[in-house]
Amino acid sequence: MKRPVKPESEAERIAALRALLVLDTEPEEQFDAMTAYCASRFDVEIALVTLVDTDRQWFKSACGLASRETSRDVSFCGHAILEDGVMIIPDARSDERFWDNPLVTGPPNIRFYAGAPLKLSSGHRVGTLCLIHDEPKRLEGEDLAHLRELAAVVARELEKRVALLTGRPPEA
């Protein structure tokens, strides 16, 4: 298993994440509606809004998964936030980074993963909107573009949420 590396701007990224005032908050309808829609639209077992913190990934919304967080060391999303594009793993058993990951070898038995980074207006990627399935799968073309746009909507919702709470935008 390959642990995700931390970006060079990790301190600034974590500051931007914390400025959202969202970690460890209660579920919220707009995020739960998004993950329910994604699970249905993309025909996957699990859809998540994840936020990648210092040592964990925490789920603001989880459709199809009872857990609220996992270690960052085993997270797929920790890898996905390193790039602007959608990270797609058609079959995690065939990917050298993940084939022996405990999330692949045991529950939830991840085979397919697609994670679109949640990129804030500051440019920081704080988490993902991700899709997980227990069978190999592909995501291409219009579906890929759709997931990317939905992740942008989630990022805007996170920023709008903190602006409503504080009366000011999050600090970059």
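Dipole size in debye (nearest 20) for the stretch 1-86 around its Cα centre, Lys and Arg Cβ +1, Asp and Glu Cβ -1?
240
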Nearest-ten-degree value, helix 29-41 long axis tilted from longest Cα axis of the chain: 30
MRE, 222 nm, helices only [DSSP H, n ≥ 4, -39500 (n - 2.57), over the chain, to nearest 500]: -10000 deg cm²/dmol
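For a quick check of your reading of the filter: which chymotrypsin sites (Phe, Trp or Tyr not before Pro) in the stretch 19-104 sit in a DSSP loop and have no more than 14 other Cβ atoms within 10 Å?
Passing both the DSSP loop test and the Cβ count: Trp99.
On the protein heavy atoms, probe 1.4 angstrom, tell me the percent of accessible surface of the stretch 37-103 carried by carbon and sulfur. Mind dumping the intermediate values first?
Details: 1260 of 2730 Å².
Answer for the stretch 37-103: carbon and sulfur cover 46 percent of the accessible area.
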GluC sites (Glu not before Pro) restricted to DSSP loop in the stretch 55-125 with at most 14 other C-beta within 10 Å: Glu83, Glu96
Amide H within-cut-off set for Thr25, under 5 Å, with H built and near neighbours excluded: none
Tilt relative to the chain, helix 10-19 - C-alpha long axis, 0 to 90 degrees, to 10: 60
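Roll a 1.4 Å probe over the protein chains and send me the accessible area per residue for the chain in Å².
Values: 8230 Å² over 172 residues.
Per-residue value: 48 Å².
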Degrees, to the nearest 10: 141-166 long Cα axis against longest axis of the chain: 30
For Rg and Dmax of the Cα atoms in Å, calculated from these coordinates, the label among (1) 17.6, 53; (2) 14.9, 47; (3) 14.9, 44: (2)
Residue (of Leu65, Ile14, Asn101) at the positive-pole extreme of the chain, dipole from beta-carbon charges: Ile14
Among His79, Val162, Leu139 - extreme Cα towards positive end, dipole of the chain, charges at beta-carbon: Val162
Accessible area of the stretch 111-160 belonging to carbon and sulfur atoms, whole % at 1.4 Å probe: 44
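The values are calculated or read from the model by the stated rules, or taken from the named source; none is laboratory data. Computed from a predicted model, the values in this text were never measured in an experiment. Glycine gets a Cβ as well: all are built from the backbone with ideal geometry, and neighbour counts include every protein chain shown. What goes into the accessible areas is simple: the full protein's heavy atoms, side chains included, and nothing from ligands, DNA or RNA. Shrake-Rupley method; radii C 1.70, N 1.55, O 1.52, S 1.80 Å.
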